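Heads up: the structure comes next, in structure tokens.
The values are calculated or read from the model by the stated rules, or taken from the named source; none is laboratory data. Bear in mind the structure is a predicted one, so any value in this text is a computation, not a measurement. A quick note on method: Cβ atoms are made from the backbone with ideal geometry, for glycine too, and the neighbour counts reach across all protein chains shown. The accessibility values were calculated without ligands, DNA or RNA, using every heavy atom of the protein model including side chains. Shrake-Rupley method; radii C 1.70, N 1.55, O 1.52, S 1.80 Å.
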Amino acid sequence: MGVNNKELVFNISREEFVDLKTYRERGGYTALQKALRQPPESSIQELKSAGLRGRGGAAFPTAVKIEMVRNNGETGRYVICNADEGEPGTFKDRFIMTHLPFQVIEGITLAAYLAGAENGYIYVRHEYPEVQRILRESIKEAEEAGLLGEDILGSGIRLKLEIFSGAGSYLCGEETALLSSIEGRKGRPRVKPPYPTQSGLWNKPTLINNVETLANIPKIIEKGSGWYRSIGTADSTGTKLISLSGDVVNRGLIEVPFGITFADIIEEYGLGAKPGRTVKAVNIGGASGVLVPGFMLETPLEYTACAKAGITIGSGAIFVLDDTRPILPNVHNRVKFFLHESCGKCTPCREGLRQANVILSKLLSGMATESDVVLLERYTRAIQEASFCGLGQAAGNSLKSSLEYFHEEYLAACGQECRDKEETA
Amino acid sequence: MGNIEITLNGRTVSVLENISILEAAKRNGIYLPTLCHHPDQRVKANCRVCVVEVEGVRNLVASCSTAVREGMKITTNSPRVRETVRTILELIFADHPQECLTCIRNEKCELRQIASRFGINSIQGAKTANNYPVDTSTPSIVRNPNKCIKCGRCAEVCHHTQEVGVLYSHNRSTEIMISPEYGKNLSEVGCVLCGQCAAVCPVGAIHEKDDTDQVWAALADPGKHVVVQTAPSVRVSIAEEFNMPPGSIQTGKLVAALRSLGFERVFDTDFSADLTIMEEGHELLHRIQNGGVLPLITSCSPGWINYAEKYYPELLPNISTCKSPQQMFGAVAKTFYAKRSGIAPEDIYVVSVMPCTAKKYEAIQPEMRSSGYQDVDAVLTTRELARILRHEGIDFSMLEESEYDSPLGTSTGAAAIFGTTGGVMEAALRSVYEIVTGETLSKLDFSEVRGLEGVRSASVDLKGKEVKVAIAHGLANAKKIAEKIKAGEEDYTFIEVMCCPGGCIGGGGQPYGTTQEVRKKRMEALYQVDSDMPLRKSHENPAVIELYQEFFGEPMGELSHRYLHIERAEEAEAVI
């Protein structure tokens, strides 16, 4: 999917389906064979040297997570592939699973082997029935080929891998809510610690990784960390799948090396704004990400640089808004989304979003005053600062960034009548 | 556990490792606000009013769910923390009926107290409180979902302490609700009316059904002879309502306060607790000697009875046929006392002051009318009595101590300890031992049955005959015992079960703020009351002896059966 046809992690065209035979012809499962021959520590070291970090949004070093589970004395460990891809505007995991299912399954098998887990789940969102079907068939095929199940490749290693379908809740992409969901409980986040690596699924040490993260593992083991580090930058190695959508000419999924600027992604891959229009704002990281103005797009796609600029890479979704789009309806849409998806457990997320929704409705109907905007800023801070889980904390991102970069649109939305009333008061 | 150093608001302090920031702050004199936190419960971390700043952490952290670490730099009083907590409080209030003045919880409300601390003087934001129907389906507990702040304390106590599990948190987002399944009323589900939910609710969302008006009306009725009985545990808990420390023994002031309210006679449930021991002790001996159903299980706790009827009907034949002390009192008051004082039973109005919400239900049961009238007319919880006293402007601390009236106010130390887990067992053992062996006990304290361990068992030597006894308090523990009996795993002879953790001292109607620590203090106070009493064995209670001589004849006799027992076992057969 690289424009320049560089050798990247996911080397296929958008139309291609890589079946098991093709996958093996292209080097698939050599990583697993290699890993089974060498001590697990060497493979973990390889992942560590490669600098692979979680692609689900939190960017936690993958090798460290694997080690945490591996070094936990408790047996009966689990590996879980988080395929709940619920982040609006994100469609990367879906692509990997429908086009490269065996790269995901090999990645899960490797992660399970390295973490010492013999049971695993792929938690697939309910809205992906096609993905579930393909994965089920692929799991069966892999089992029949001796690549999964009992005695994998004659090594005595086993992994029982199952598909678990979500039921439509965005929050179940949060790892502890996901665990509760599999356990048959309400999909609400749990108090951390204990972290899933300590006490996860049914209180067993559990490795949970995103689809993209897991699909990176076979390539790193196969080609080595040196190769992996040659892509991207010293700070952020490898590649990132970007779900590019919105007001650009060329929309869709792309794979880019870390280090590229957002402007280049939009220009090079997205071929820029539609004719006669300019990029006004870009939402980076999905609905839970930030809304930034055009001048910030020179920031490179890199963990440290983005953190410094206040940009959330998140799932790698980029949604472009051109100069014909007002900001407030977009923000309101996100707020409504999060309000709907909030589990309702903690006060700031539940009540803060409820009030934010009211204020945005008032703004959009010309009934708000500037004091409502001040109040919205205060609610946004509480939502971000004090929510229980990442959903709530992230729910405030688009509010906060839009209030910062597009403040004038908020003020412009305050009705003249209301402004007069406020002045009189 | 070792100690570590942390910095708290710029001050370096040494604290135990692994404790929460909340606890560390408290031990250093800083009380962070909390709503969902309860010292006896698991950490929930959902109200978020306890958030603090930790250096190096991007967002604020909940102090209840975050453990201290060596070198942690914590700030609890920055403008950032203050603004956030105030905003969260405002957000809660925006979704709360702002009816504090008319709320039963009023100044005892934890939300209101914190709001006052933080100087919340205006509530911005849209008012979003719902208008759901209030659940008044039971005679014990009222549930007002509109006031619920979704802290989850009630569901936690219902599921984990009691393992009854009728209150759930369901739905999501702003539709989240804590209620019985499918929005049913409490009367439609397996609620046992223990009131532990009401005891832990920080606001006015679940509370005891208020029966104070009935009592006012009776007191004002010149045709009524209004008498009151006080449960053993109330004397060691009522003072907390008047800012005295937990464990204060205020029997004399309690009596004086009731007298000043205008009750004709101030009597004591301790009297009928002694009577209960006579009946239950003899029932135990009778069952042992005649091959009756064993183990015998106590019947004083109506929450436990409700639980057994709903969840373990097969154990009903094991449960003593004795009425609870409250109900024995009512029956005696409207028979023996009526006759003796020459007052018609229909003119006698019996009020109970109980630590318990389930007692309200017990009093109105059809089998509790052995006198021909409802034996107990009104039941007030400790909290309701305190409300009446505050209403009347009675300064509890300035009252001159008074004594219970005779004869239904005479009691022994054995009765006092009915109010704590293990107390009924100990009181029974004191009497049964002496009755069986004909010997005087050299040591009255059965320390092996005391304590707050959830399930306790002991072997007691009744002069050559070993009797295995067990004690459970809190329904999760009662369940353990019930399962053991069902499985035939244990050969207990006598078992005491109390519905609430700690027994009545931890009852659902006790003053707010009951924690394990508070229960321990109330318990110690009851043992103190016991050891200070001149008489400490129920069978030595002169008023009880007189009652048998003049009225009942003998324990387990014909009149006893009519007035002091109910036919539980037959009921159970009817159920099957």
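Figures for the structure shown
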quantity	calculated
FRET efficiency, residue B:483 to residue B:339 (Cβ-Cβ, R0 56 Å, nearest 0.05)	0.75
For residue A:54, residues with placed amide H under 5 Å, excluding near neighbours	A:59, A:60, A:62
19 Å cut-off, amide nitrogen to a point 7 angstrom out along residue B:214 Cα→Cβ, residues in the stretch B:368-408	B:368-389
Relative contact order for the stretch B:130-208, counting Cα pairs under 8 Å that sit 6 or more residues apart, in percent	36 percent
Protein-protein interface of the stretch B:31-65, residues with accessible area decrease of at least 40 Å², isolated chain reference, 1.4 Å probe	B:46, B:48, B:59
Lys, Arg +1 and Asp, Glu -1 on Cβ, resulting dipole of chain A about Cα centre, debye, nearest 20	800 debye
Nearest-10 value in Å² for the accessible area of residue B:435, using the 1.4 Å probe	70 Å²
Inter-label distance for residue A:151 and residue A:98, nm, one decimal - labels placed 7 Å from Cα along Cα-to-Cβ	3.8 nm
Model label zone, residue A:324; criterion: amide N under 12 Å from point 7 Å along Cα-to-beta-carbon; scope the stretch A:236-279	A:247-248, A:274-278
In Å², nearest 10: area of residue A:164 left accessible to a 1.4 Å probe	50 Å²
Karplus (6.51, -1.76, 1.60) ³J(HN,Hα), θ = phi - 60°, over the stretch A:370-377, in Hz, Gly and Pro reported as x	5, 5, 5, 5, 4, 5, 4, 4
Mean residue ellipticity (222 nm) of the protein assembly as shown, computed from DSSP H runs ≥ 4 via -39,500 (n - 2.57), nearest 500	-11000 deg cm²/dmol
Rounded percent of accessible protein surface that carbon and sulfur make up, the stretch B:130-208, 1.4 Å probe	47 percent
Test item: Cα-centred dipole of the stretch B:384-488, Lys/Arg +1 and Asp/Glu -1 on Cβ, debye	880 debye
Neighbourhood charge, 10 Å Cβ-Cβ cut-off, centred on residue B:7 and excluding it, Lys, Arg +1 and Asp, Glu -1	0
Contact order relative to length of chain A, as percent, for alpha carbon pairs under 8 angstrom and 6 or more apart	15 percent
Euclidean distance of C-alpha centroids, the stretch B:520-534 and the stretch B:374-405, integer Å	21 Å
Chains A and B together, accessible area buried on both sides, 1.4 angstrom probe, square angstrom	2800 Å²
Listed residue (A:361, A:373, A:342) projecting farthest to the positive dipole end of the stretch A:332-405, Cβ model	A:342
Of all DSSP beta bridges in chain B, antiparallel share, percent nearest 5	55 percent
Neighbourhood net charge (15 Å Cβ-Cβ; Lys/Arg +1, Asp/Glu -1) for residue A:300	-4
Label-point separation, residue B:123 to residue A:133 (7 Å along Cα→Cβ), nm	5.3 nm
Part-to-part distance (alpha-carbon centres) for the stretch B:163-192 and the stretch A:174-223, which is given in Å	30 Å
Amide H partners (placed H, <5 Å) of residue B:225, local residues excluded	B:348, B:349
Value of relative contact order over chain B, rounded to a whole percent, pairs C-alpha under 8 Å and six or more apart	15 percent
Whole-number accessible area per residue in Å² for the stretch B:233-306, which is evaluated in the context of all protein chains at 1.4 Å	25 Å²
Gyration tensor (alpha-carbon) shape descriptor, the stretch A:20-229, a/c threshold 1.5	rounded
Estimated FRET transfer efficiency when R0 is 60 angstrom, pair residue B:5-residue A:19 (beta carbons, to 0.05)	0.50
Net charge dipole size for the protein assembly as shown [Lys, Arg +1 and Asp, Glu -1 on Cβ; Debye, nearest 20]	2400 debye
Share antiparallel - DSSP beta bridges, the protein assembly as shown, percent rounded to 5	50 percent
Those residues of the stretch A:384-406 for which accessible area with every protein chain present is at least 50 Å² below the isolated value (1.4 Å probe)	A:385, A:386
Amide H contacts of residue A:246 (H built 1.01 Å from N, under 5 Å, at least 5 apart or other chain)	A:320
Rough spin-label spacing in nm, given labels placed 7 Å along Cα→Cβ, for residue B:314 and residue A:250	7.3 nm
